[in-house]
Amino acid sequence: MMLKITDLNVHYGFIHALKGIDMEVNEGEIVTLIGSNGAGKSTTLGAISGLVKASKGKIEFEGENITNLPAYKVVSKKISLSPEGREVFPALSVEENLRLGAFTRSDKAEINQSFERVYDLFPRLKERIKQPAGTLSGGEQQMLAIGRALMSRPKLLLLDEPSMGLAPNLVLMIFDLIESINKQGTTILLIEQNANMALSVAHRAYVLETGKISLSGDAKELMNDPRVKSAYLGEIHET
Amino acid sequence: METFIGAVINGLALGMAYALIAVGYSMVFGVLRLINFAHGSIYAFGAYMVYFFISIQVGLFWSIMIAIVLSGILAMLVDKLALEPLRKKQSIPIASLITTVGVSFIIQNGLALEQVFTSEKKGFPSLNLFPNIMIGNLTIQSSQIIMFAVALVLLAVLSYIVNKTKIGLSMRATEQNARAASLMGVNTNFVISFTFFLGGCSAAIAGTLISGYYQIISPTMGATIGLKAFAAAVVGGIGVLYGSVVGGLVVGVVECIAAQYLGSNVRDPMAFVILILILIIKPNGLFGKKGVSKV
Ligand SMILES: Nc1ncnc2c1ncn2[C@@H]1O[C@H](COP(=O)(O)OP(=O)(O)O)[C@@H](O)[C@H]1O
Ligand SMILES: [Mg+2]
């Protein structure tokens with residue numbers, strides 16, 4: 001097992017955002033965490049990547065306890081987060097953004113390989129190498145955020161709502177990319193509000209409701225689960 | 001005409017040294033959105049350290065080197081001991097601001113203690129290291145040339161560090177989004193310390209250059225110059241390095257011309273006259289980015 005979360009609790013002051021979460025991610029999987037707005041999805045990824053403190057519980061990665069490790073150290077464990085809202089560095093060029101993604105690495109030749117890999121996945125970024133990230137379109141910024149996260153050569157990639165705010169054709173493209181990144185050997189933990197799409201690419205899924213896991217299991221089975229259908233796939237299942 | 005050119009040359013030399021102080025404000029503002037009012041006192045501390053090490057017979061060169069490093073460390077300690085705890089507690093920004101003012105007084109008065117350097121003015125070795133240059137009736141002092149050249153080279157080095165090195169890239173990333181920078185693996189606390197260190201070093205160098213020109217130091221020497229350099233940083237657009245250079249030069253030249261023709265009492269207020277005029281015309285300073293200068 002690659003990632004094991006046990007009884008994770010997070011407090012923001014008096015707000016009890018995560019109330020004892022247990023989760024697992026195995027090597028090679030795409031696992032998705034779905035849930036409505038405010039359920040605690042981003043908080044979960046924040047706790048894994050060291051941005052928010054766990055008040056209780058344990059996060060283990062490849063057998064090592066990484067609970068409350070500062071964010072800048074979590075990256076060197078080969079976990080990397082593409083955050084909600086992209087958070088690219090607007091005044092820095094596409095290339096500088098990607099270079100920052102490789103901040104923890106030092107081998108020049110290997111870093112160049114990663115640049116090539118990202119440019120292969122996202123040819124549009126290559127055309128805009130020198131352009132400030134703030135001038136990219138929303139879709140391009142999302143590609144940059146994912147590409148930047150890949151530059152650290154993560155074993156586990158955490159994606160927080162990569163399809164948010166994108167046009168439908170771009171959403172499809174992003175999900176295709178998620179699958180191909182996974183096929184190339186990167187394990188993925190995906191957060192989505194677009195539950196239908198997320199369940200269709202994922203192997204397994206967890207459903208989060210106000211800080212607690214309410215359902216979990218095989219993604220395809222959950223897709224047909226009446227509780228999931230009514231709560232999260234409501235407006236999509238008419239196909 | 002010669003007096004005018006003389007004033008301009010004087011202004012360019014002083015202005016370049018102001019620029020060196022101004023970048024310290026600018027860099028710290030960049031990473032923390034904080035105006036570090038302790039900066040002027042680090043400038044004075046640097047000059048006093050040179051004075052002290054020379055007085056105990058360490059040669060000029062090594063006295064300056066040691067002073068630079070000690071000033072960098074002091075600036076870093078100011079952040080670690082007084083400012084970082086406030087950031088950790090997520091205090092309101094004004095708390096950090098008033099802390100820097102307080103630290104400035106502590107350092108300044110520390111230097112003035114009877115047991116330390118006393119509040120009396122001290123003589124400082126001249127930095128006229130080679131003969132003055134005469135062009136017609138015009139004399140250019142070698143300390144002016146040294147001040148201009150050293151400050152220019154150091155500003156180029158700083159600009160190289162910020163724009164071309166890995167630590168510089170992490171500074172610029174921290175400046176834009178510290179949270180995202182930490183997700184890239186950047187230790188933002190280290191970046192902040194490093195920024196204070198660089199600022200402290202450049203303040204000490206400026207302190208040495210300017211003291212070597214006036215040949216006099218006092219514990220309060222950083223107060224006025226610190227404010228002037230801050231004005232220069234704002235004139236150029238705080239957070240923009242070349243803005244500080246232009247701002248420093250404008251302030252230096254204008255104040256020297258004003259002092260030449262209107263009397264030396266006009267010198268010190270000029271920086272603020274310029275500041276007010278520029279801010280009315282360009283609220284973000286000459287090269288300032290929109291939306292960055294909100295404090
Ligand atoms: N920085 C914060 N400070 C206080 N409360 C927060 C903060 N971030 C999130 N929360 C609260 O924690 C809960 C979970 O938020 P979040 O993890 O962002 O949900 P999701 O990503 O599932 O939409 C929400 O009630 C939210 O209001
Ligand atoms: Mg969220």
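Quick notes
- For the range A:86-153, the per residue solvent-accessible surface stands at 41 Å², with DNA, RNA and ligands left out and a 1.4 Å probe.
- Debye intensity ratio I(q)/I(0), log10, the range B:18-79, q values 0.15 Å⁻¹ (C-alpha model): -0.48
- The protein assembly as shown - share of DSSP beta bridges that are antiparallel (%, nearest 5): 60 percent
- Take the Cβ atoms of B:SER126 and B:LYS164, set R0 to 51 Å, and the FRET efficiency comes out at 0.90.
- The range A:136-197 and the range B:26-105: distance between their alpha carbon centers, rounded to Å: 44 Å
- Pairwise label distance in nanometres, B:ARG33 with A:SER180, each label 7 Å out on the Cα-Cβ vector: 3.9 nm
- In the B-A interface, the accessible area buried, summed over both sides, Å² (probe 1.4 Å): 1800 Å²
- Largest-first ellipsoid semi-axes for the protein assembly as shown, taking √(5λ) over the Cα gyration tensor eigenvalues, angstrom: 55, 23, 20
- Pairwise centroid distance, computed over Cα atoms, of the range A:22-52 with the range B:197-274, Å: 52 Å
- Each 5 Å bin, from zero up to the one with the longest distance, holds this percent of the alpha carbon pairs of chain B: 1, 6, 12, 17, 19, 17, 13, 8, 4, 2, 1, 0, 0.
- Charge context of B:GLY252, other residues only, Cβ under 15 angstrom, K/R +1, D/E -1: 0
- Within the accessible surface of chain A, defined with a 1.4 Å probe on protein heavy atoms only, the carbon and sulfur portion equals 50 percent.
- Alpha-carbon Debye profile of the range A:86-153, log10 I(q)/I(0) at 0.25 Å⁻¹: -1.06
- Our Cα-only numbers for the range A:94-217 put the radius of gyration and Dmax at 15.2, 46 Å.
- Interface residues in the range A:43-92 - accessible area drops by 50 Å² or more relative to the isolated chain, probe 1.4 Å: A:LEU51, A:TYR72, A:GLU87, A:PHE89, A:LEU92
- Our coupling estimate for the range A:99-113, obtained by passing each phi through the Karplus curve with A = 6.51, B = -1.76, C = 1.60 and θ = phi - 60°, is 4, 5, x, 9, 4, 7, 9, 10, 6, 4, 4, 5, 5, 4, 4 Hz, Gly and Pro reported as x.
- Total formal charge among the other residues, if their Cβ is under 13 angstrom from that of A:LYS41, Lys/Arg +1 and Asp/Glu -1: -4
- Longest stretch of chain B clear of exposed loop sites (trypsin sites (Lys or Arg not before Pro), DSSP loop, at most 10 other Cβ atoms within 10 Å, sites excluded): B:90-289.
- At 0.890 mPa s and 25 °C, Stokes D of chain A from Kirkwood alpha-carbon radius, µm² per second: 136 µm²/s
- Estimated from the Cβ-Cβ distance and a Förster radius of 51 angstrom, the FRET efficiency linking B:SER55 and A:GLU64 is about 0.40.
- Interface residues, the range B:136-180 - accessible area loss of 10 Å² or more versus chain alone, probe 1.4 Å: B:LYS166, B:LEU169, B:SER170, B:ARG172, B:ALA173, B:GLN176, B:ASN177, B:ARG179, B:ALA180
- Using θ = phi - 60° and Karplus 6.51 cos²θ - 1.76 cosθ + 1.60, couplings along the range B:162-168 (whole Hz; Gly, Pro as x): 5, 9, 10, 10, 5, 5, x
- A Förster distance of 35 Å, applied to the separation of the beta-carbon atoms of B:THR118 and B:GLU2, puts the FRET efficiency at 0.30.
- Environment charge at B:LYS228 (Cβ cut-off 9 Å; Lys +1, Arg +1, Asp -1, Glu -1): -2
The values are calculated or read from the model by the stated rules, or taken from the named source; none is laboratory data. Quick caveat: nothing in here was measured; it's all calculated off a predicted structure. Quick reminder, even Gly has a Cβ in these numbers, built from the backbone with ideal geometry, and neighbours come from all protein chains shown. The area values use the complete protein model at the heavy-atom level, side chains included, leaving out ligands, DNA and RNA. Shrake-Rupley method; radii C 1.70, N 1.55, O 1.52, S 1.80 Å.
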